[in-house]
1. Taking the Cα centre of the chain as the origin, how large is its charge dipole in debye, to the nearest 20, when only Lys and Arg (+1) and Asp and Glu (-1) carry charge on their Cβ atoms?
2. Set the Förster distance to 41 Å, then compute FRET efficiency between GLU149 and ARG237 from the Cβ-Cβ distance, nearest 0.05.
3. By what distance, in whole Å, do the Cα atoms of region 338-431 stretch along each of the three principal axes, largest value first?
4. Assuming 0.36 nm per residue, please report the length gained on full extension of the stretch ARG224 to ILE329 beyond their Cα-Cα distance.
5. Can you work out the PRE-style zone for GLU435? Point 7 Å along Cα to Cβ, and I want the residues of region 357-383 with backbone N under 19 Å.
6. Rank-order 311-319, 418-426 by packing density, defined as the average count of other C-beta atoms within 10 Å over each peptide's residues, highest first.
7. Projecting each Cα onto the charge dipole of the chain (Lys/Arg +1, Asp/Glu -1 at the beta carbon, about the Cα centre), which of THR121, ASN33, VAL18 comes out farthest on the positive side?
8. Taking the simple approach of a point 7 Å from Cα along Cα-to-Cβ for both GLN389 and HIS312, what is their distance in nm?
Amino acid sequence: MAELTPRQIVQELDRYIVGQGAAKKAVAIAIRNRWRRQQLPPELRKDVTPKNIIMIGPTGVGKTEIARRLAQLIGAPFLKVEATKYTEVGYHGRDVESMVRDVTEIAIGLIRQEQRGLVETQAKERVTERLLDLLVPNSGSWEPDNPEENERRQRTRDKMKARLEAGEMEDRNVELNVEQKAVPVQIFSNLGMEQMDVDFQNMFEKIMPKQQQQRQIPIREARRILLEQETEALIDRQVVAEKAVELAENQGMIFIDELDKICGPQSAHGPDVSRQGVQRDLLPVVEGTTVNTRYGPVRTDHILFIAAGAFHLSKPSDLMPELQGRFPIRVELTDLKREDFLRILTEPKHALTKQYAELLATEGVTLEFTRDGIEALADIAYEVNRTTQNIGARRLHTILERVVEDISYDGPDLKEKVVAIDGDYVRGRLAEILEKEDLSKFIL
């Protein structure tokens, strides 16, 4: 993260997402500020909190994609959640604190992966020794040590080790005790599963007898199973938990989608547990609180929250004033124009046209999108979005799927293995639907 300047972050995002410069700039600054905060003296560092962001814009313009690509870029624990799946504490459903537990679990996964890399060499050496024990078992005799016997046995082990390292014995079978994985214990209560499972899983694992099964398996598979066992044995769970909590607290990112769906007028009848109630519960989590997880308490003061919503029927000012104050940065994402659709079809690293060409190349079919074909796709996508419902770049999926439908269906049987998608072909495939404007609302 230290190596990426805001400008470089934006350049990386440009490889996958077209336009939306203001949103990219805002998230790039937010990420750089996290690195800057780490360079401050400890007493000042704890007072510098992240400036949370709200992205406002219609569906399909890249809100979620910006956050997802950003997290991949910096390797931070990243969680995407929908605000609509939470309910007020005390009612049936998930409470908002569970998002902090989920991001901590993701941090655990990242740290475990890092620790695996550190112990891999040592684990591989231990696996080789265990495989040699299986191939050259002890004689099991009670006779005193026999130097000649020991020397002969060591020579045999050395030969076997050389053959193992050369990969000559991968298909040879060995008998191995394979431990059966215990089914996770789930306990339901009105406290919510997340709080109940803090210690129960480990407790049950210690109480229940481990089920082991003798299996004849090739060395190739035995090596994989033993490597998993030895890696687990070498990784210190306490170190993983401590590092993961620190990573989640300082680098965690939570992307709250559909924020506009939980704001609106107060319900006239009864408590609105999935709207105002969720907003009230979000306040302390976004502001900074301590959430108990199975790995210890996690403070949310420095977790970066990015919220997003279309805000068609409501506006950010409809949110509770306290919650508005927790999201000081507002970024508006623009509607996609015809030129944007053109760029989306050609510029990104894995553009849709490239995806379809590669998919059909597996059947030996060469799909060529001409310039006027791409322009026709962009024109129709823009026009249908304008006249019917605006679903942004997702409209291209619908239109492209209809254009290449016949080629995809006949792909394996096509005599002519080169197909050009030009303007006439695109309009020909979509003409019937576009003529019936009412019908296009349901089909495109």
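1. Numbers: 64 positive and 74 negative charges, 205 e Å.
Charge dipole of the chain: 980 debye, to the nearest 20.
2. On the way: r = 41 Å, r/R0 = 1.00.
With R0 = 41 Å, the Cβ-Cβ based efficiency is 0.50.
3. Sorted largest first, the three principal extents are 38, 30, 20 Å.
4. Numbers: separation 105, 0.36 × 105 = 37.80 nm, distance 4.84 nm.
So the extension gain works out to 33.0 nm.
5. Taking a point 7 Å out along Cα→Cβ of GLU435, the residues of region 357-383 whose backbone N falls under 19 Å are 380.
6. Numbers: 311-319: 14.9, 418-426: 17.2.
So the order, starting with the most tightly packed, is 418-426, 311-319.
7. ASN33
8. In this crude label model, GLN389 to HIS312 measures out at 0.6 nm.
Read-outs throughout are calculated quantities, based only on the coordinates presented, and are distinct from any laboratory measurement. This one's a predicted model, so the numbers in the text were calculated from it and none came from an experiment. So basically every Cβ, Gly included, is an ideal-geometry build from the backbone, and we count neighbours across all protein chains shown.
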